[in-house]
Amino acid sequence: MGKEEKKILHDKAKKMMIDGEHFATIREKTHLRLKDLRRIQRDEINPKF
């Protein structure tokens, strides 16, 4: 998986989190690790609210 693909999946996961999707659904569609999803939530989403 290239850097561009990872960035696309990262952005897709972030959008899904903001929309209120469950982690299981996000992991199914993006194939990111739970560790990655929690990092996105902690570092990029929660500080904005």
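So which of LYS14, LYS35, LYS7 is in a helix (DSSP H, G or I), among the charged types (D, E, K, R) and surrounded by 13 or more Cβ atoms within 10 Å (Cβ to Cβ)? Unique residue meeting the criteria: LYS14. Against the condition at pLDDT below 95 and of a type in the set (A, V, I, L, M), how does ILE26 come out, does it pass? So ILE26 fails the test. Of the residues making up the range 18-33, those that are under 17 Å from ILE45 (Cα atoms) and touching a helix residue (DSSP H, G or I) at 6+ places or on another chain (Cβ under 6 Å) are PHE23, ILE26, LEU32. Quick check, is GLU21 surrounded by 10 or more Cβ atoms within 10 Å (Cβ to Cβ), among the acidic types (Asp, Glu) and not in a helix (DSSP H, G or I)? Yes: the conditions hold for GLU21.
Residue pairs whose Cβ atoms lie under 8 Å apart, separated by 6 or more positions or on different chains, with the first residue in the range 28-49 and of a type in the set (Ser, Thr, Tyr) and the second loosely packed, with under 15 Cβ neighbours inside 10 Å and not in a loop (DSSP other than H, G, I, E, B), are THR30/LYS12.
The values are calculated or read from the model by the stated rules, or taken from the named source; none is laboratory data. A quick note: this is a predicted structure, and the numbers were derived from the prediction, not measured. Every residue, glycine as well, gets a Cβ built from its backbone with ideal geometry; the counts of neighbours run over all protein chains shown.
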